[in-house]
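The values are calculated or read from the model by the stated rules, or taken from the named source; none is laboratory data. A quick note: this is a predicted structure, and the numbers were derived from the prediction, not measured. A quick note on method: Cβ atoms are made from the backbone with ideal geometry, for glycine too, and the neighbour counts reach across all protein chains shown.
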Amino acid sequence: MSQELSTTSYALLGLFVFEGPESAGMTGYELKQRADKTLRFYWVSPAMSQVYTELDRLVGQQMVMASDELSGKRRTRRYRITALGFESLQGWLNSSATDFPTLKHPVALKLLMGALMQPDRLRSMLKQYVDDLAVSRADLLAVRTGLGDLEAFRYPALVAEWGLDYYDAETEIVTALLEKLAGLPERPG
């Protein structure tokens, strides 16, 4: 009997689907790279140790199979999704409730306590955040461009477009906040 999988496990299973049936699979390192290039824009990209922990769990539940390749004295372990893993992923996609996202926003948290900061420092923090948004947006735009208009990548492309719209909206919100904070005088001491 399989235990309930974490959302991270399902996210990793989903990353295997893009490999195709002829693929030799991915190493844990390659899976982590793919997570860093994709998940980081809309989900937490798991740490390397978490990737291997989840892979061990998925292998134990026969949702992923592992095979070893030897090259000289070096052993490489590759992972592939199994039919059971694919079935479990589809079940999760089609039947689980969609939770409302929990916003963990360090900039908003600091703004909440903005009365404890000098207004100039607060404005500087928000300006830096707008700059960081531009960098992340450029990274995501490169991902979206790389996906092209291939049918196989239709849904990842839609998520990338959603992310681009998110960065645009977030930039607009923070720019408006900066305008509201423009006239605040520095506090003494």
State all residues of the stretch 15-27 that are assigned to a helix (DSSP H, G or I) and either at pLDDT 95 or above or not β-branched (Val, Ile, Thr) (or both); if no residue qualifies, say none. Leu15, Phe16
Residues located in the stretch 66-86, provided they are closer than 15 Å to Leu15 by Cα and among the polar types (S, T, N, Q): Thr82
Take the residues of the stretch 28-47 that are part of a loop (DSSP other than H, G, I, E, B) and crowded, with 17+ Cβ neighbours inside 10 Å: which is modelled with the lowest pLDDT? Ser45
Give me the pairs, please: first residue somewhere in the stretch 162-189 and free of Cβ contacts under 8 Å to residues at least 40 places away in the same chain, second residue anywhere and of a type in the set (Ser, Thr, Tyr), beta-carbon distance under 8 Å, and either six or more positions apart or on two chains. Tyr167/Ser136
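What residue, of Leu116, Leu58, Leu93, Leu122, is within 21 Å of the chain's Cα centre (by Cα) and modelled with pLDDT under 95?
Numbers: Leu116 fails: within 21 Å of the chain's Cα centre (by Cα); Leu58 fails: modelled with pLDDT under 95; Leu122 fails: within 21 Å of the chain's Cα centre (by Cα).
Going through Leu116, Leu58, Leu93, Leu122 in turn, just one is within 21 Å of the chain's Cα centre (by Cα) and modelled with pLDDT under 95: Leu93.
Which ranges mark the helices (runs of 4 or more DSSP H) fully within the stretch 48-157 that have 2 or more residues being touching a residue at least 12 places away in the same chain (Cβ under 8 Å) and within 22 Å of Met26 (Cα to Cα)? Even if it seems obvious, please write down each step before you answer.
On the way: elements: 48-60, 83-95, 106-112, 119-147.
Qualifying helices (runs of 4 or more DSSP H): 48-60, 83-95, 119-147.
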Across (1) in a helix (DSSP H, G or I); (2) at pLDDT 95 or above; (3) within 18 Å of Leu15 (Cβ to Cβ), Leu164 clears everything bar (3)
